[in-house]
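Have a look at the structure below, then the notes.
Each value in this text was obtained by applying a stated rule to the coordinates, not by laboratory testing. Owing to the predicted nature of the structure, the values given are computational and were not obtained by experimental measurement. Cβ placement follows ideal geometry from the backbone for every residue including glycine, while neighbour counts extend to all protein chains displayed.
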Amino acid sequence: MVMILQNVVRSKEHQIYCPGKSAANQSKPCGAEWPFELCKKVAQLTRDEIYEIEDGLAANFAENQIKTQKCPSCYHEIAREGAQTK
C-alpha cells in the first residue's frame, strides 16, 4: 500500500485508485477511488510517510487543478485568492 501511495505521488496524481482488476472484465483495471484516510490506516504509515504523501498529493492537486502563475523573479508558484480550478 505504501508503494501504491508513493507511486501516485511520483506520477503527479492526486487521487488514489484501486490497482486491481475489474470483477466484470479482468482485462480492465478496477479504477475505484480510494479515500486517503482509509489508505493511511491500511498502510499503517509513519508520521514521516504521512507528511511526505499528504504533501505530495496536495502539491499535485495544486499543480493539476488550480490556476497558478510563476513569479518572473523567483519562479514561485502563486495562485490568486479565490482562484478557479482549471
Check: How large is Rg over Rh for the chain, taking Rg from the Cα atoms and Rh as the Kirkwood inverse mean of 1/r across Cα pairs?
Finding: 1.08
Check: Can you count the Lys pairs in the chain whose Cα atoms are under 21 Å apart, with each pair 8 or more apart or on different chains?
Finding: 6
Notebook entry, point to check: Between LYS40 and ALA79, what is the label-to-label distance in nm when each label sits 7 Å out along the Cα-to-Cβ direction?
Noted result: 1.9 nm
Item checked: Net length gained if the chain between ASP48 and CYS71 were fully extended (0.36 nm per residue, minus Cα distance) -> 5.3 nm
